[in-house]
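The structure appears right after this line, and notes come after that.
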Amino acid sequence: MSAALVPDIAAKPEQPAAANAGAIELLGLTRAEIAARLIEAGEAEKAAKMRANQLWHWIYYRGARDFSVMTTLAKDLRERLSQHFQVGRPGASKDLKSTDGTRKWLLKFADGEEAEAVHIPEEDRGALCVSSQVGCTLTCRFCHTGTMKLVRNLSPAEIVGQVMLARDCLEEWPSPKDGRMLSNIVMMGMGEPLYNFDNVSKALKIVMDNEGISISKRRITLSTAGVVPMIERCGAELDVNLAISLHAVRDDIRDVLVPLNKKYPIAELLAACAKYPGLSNARRITFEYVMLKGINDTPADARELVRLLQGIPAKVNLIPFNPWPGAPYECSSNNTINQFSEIVFNAGYSSPVRTPRGRDIMAACGQLKSASVKRSKADILREQAAKQAALEAEVQA
Ligand code: SAH
């Protein structure tokens with residue numbers, strides 16, 4: 001089965017429904033790829049490009065999942081399409097709502113792997129926090145996701161599918177021009193987006209496309225722990241806002257908090273940031289800094305941060321540490337956080353303290369984790385053999 005997603009899961013939240021067997025998933029494909037699939041399925045080459053554009057409109061502007069509603073296409077074509085193709089969504093095995101309005105979906109993909117997406121509403125807008133991987137390779141010490149191994153990368157369909165699912169649930173079809181509650185995207189969910197850049201890039205290009213979901217690059221922020229060699233490519237190819245999970249101002253401390261620092265130390269990271277395209281006072285890099293009691297939160301740390309950021313159009317986002325079971329750190333006190341913020345602010349950088357959102361449903365920064373585990377090839381083969389044996393036993397019974 002080539003389908004990465006399962007159809008119509010919002011309606012059946014517990015289990016991914018059986019996908020249309022053998023159907024090709026259209027979500028996550030470029031227009032040219034859609035056209036190519038249409039030709040493979042027997043459509044005339046001449047018409048394929050136009051058909052792909054029409055499908056794009058239905059899928060990404062109107063949010064249609066069922067070919068039968070695509071009334072600008074001839075009826076017989078709609079029937080043929082539904083035989084060969086599908087437009088899916090990730091499953092949602094949980095849909096939790098925080099007392100503060102934050103909503104978290106535990107996504108379940110066609111192979112049973114799970115990741116999370118979080119919607120954070122404000123008064124008149126809202127951000128969707130999107131995952132790029134199931135698990136993560138980075139093992140950041142303060143991050144819950146970091147206690148999972150990387151299970152796998154998400155496909156473009158699975159990444160763009162998170163936006164589609166949220167839009168379904170928020171009833172934002174057809175793509176509204178103004179007043180959207182899903183107005184911004186932050187690539188700050190599970191995983192390191194720059195370690196799955198090809199798929200993230202493909203998905204974000206779809207999200208930004210003017211004739212579809214149409215969320216502009218100025219409303220998209222990609223957060224990285226600092227995969228230095230990919231930062232330039234991210235700027236050149238996507239030109240979205242960049243956020244850096246800095247969290248420490250000395251390499252010896254950052255080596256522990258964000259082990260990726262051993263590969264790409266602070267100086268190299270900041271040099272790459274300084275070269276990010278299009279930076280200006282109106283367009284700054286966000287430096288995220290998690291406040292950990294007794295670890296990285298002294299006034300001296302704040303002054304060193306200011307020194308390091310010199311010359312980079314920057315803003316600082318102070319994140320009160322969000323606890324999770326077994327976490328080895330505590331959050332700095334409010335006083336300490338405010339003092340830190342003031343030093344950075346007085347040096348000319350905006351330094352808001354991020355209000356924790358969705359802590360009661362474990363949806364706040366760094367609290368995301370799913371039960372997916374990395375299985376070895378041998379495990380997978382054993383599971384398949386067991387399933388096969390159970391099936392045979394059933395047939396014989
Ligand atoms: N891998 C990317 C994307 C994840 S973004 C990155 O590191 O930027 C998730 C953000 O939440 C990162 O800034 C991360 O450092 C932060 N975070 C992780 N655990 C946290 C916690 N327990 N409390 C507060 N913030 C945390």
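The values are calculated or read from the model by the stated rules, or taken from the named source; none is laboratory data. This structure is a prediction, so every number in the text was calculated from the model and none was measured. Positions of Cβ are backbone-derived with ideal geometry, glycine not excepted, and every protein chain shown enters the neighbour counts. Protein only, heavy atoms only, side chains kept; ligands, DNA and RNA dropped before computing areas. Shrake-Rupley method; radii C 1.70, N 1.55, O 1.52, S 1.80 Å.
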Which of Asn334, Asn196, Asn184 fluctuates most in a GNM of the chain (C-alpha springs under 10 Å)? That residue is Asn334
Which far-off residues, 5 or more places away or on another chain, put their amide H under 5 Å from the one on Ile312, with H placed in the peptide plane?
none
Leaving out ligands and nucleic acids, note down the accessible area per residue over the range 290-360 with a 1.4 angstrom probe, in whole Å².
50 Å²
Mind telling me which of Ile24, Ile159, Ile380 comes out most flexible in a GNM of the chain, alpha-carbon contacts under 10 Å?
Ile380
Before I look further, what does the range 40-100 give for accessible area per residue, probe 1.4 Å, in whole square angstrom?
55 Å²
In whole Å, what is the distance between the alpha-carbon centres of the range 304-381 and the range 210-233?
19 Å
Please give the net charge around Val118, taking every other residue with its beta carbon less than 10 angstrom from that of Val118, where Lys and Arg add +1 and Asp and Glu add -1.
+2
Give the cysteines in the chain for which no other Cys Cβ lies under 4.7 Å away, or write none if there are none.
Cys129, Cys136, Cys169, Cys234, Cys273, Cys331, Cys365
Could I have the simple spin-label model distance between Ser350 and Val256, label points 7 Å from Cα toward Cβ, reported in nm to one decimal?
3.3 nm
Near Ile215, within a Cβ-to-Cβ distance under 14 Å, what is the net charge of the other residues, with Lys and Arg +1 and Asp and Glu -1?
+3
Fraction of alpha-carbon pairs over 40 Å apart in the chain - percent:
20 percent
I need the phi-derived Karplus couplings for the range 28-43: 6.51 cos²θ - 1.76 cosθ + 1.60, θ = phi - 60°, integer Hz, Gly and Pro marked x.
x, 8, 6, 4, 5, 5, 4, 4, 4, 5, 5, 5, 4, 8, x, 6
Treating the angle as unsigned and between 0 and 90°, give the value, to the nearest 10°, between the Cα long axis of helix 197-208 and the longest Cα principal axis of the chain.
80 degrees
Ser98 neighbourhood, Cβ < 11 Å, K/R = +1, D/E = -1, net charge +3
Order by protection proxy (mean Cβ within 10 Å, highest first), peptides 213-221, 71-79, 312-320:
312-320, 213-221, 71-79
Past the 27 Å Cα-Cα mark, which pairs from Lys202/Lys374; Lys262/Lys374; Lys108/Lys177?
Lys108/Lys177
GNM on the chain, Cα springs under 10 Å; top mean-square fluctuation among Leu381, Leu368, Leu242 goes to Leu381
Surface share of carbon and sulfur [accessible, 1.4 angstrom probe, percent] for the range 33-140
48 percent
Once the Cα atoms of helix 45-56 and of the chain are each reduced to a long axis, what angle between those two axes, in degrees from 0 to 90 to the nearest 10, is obtained?
50 degrees
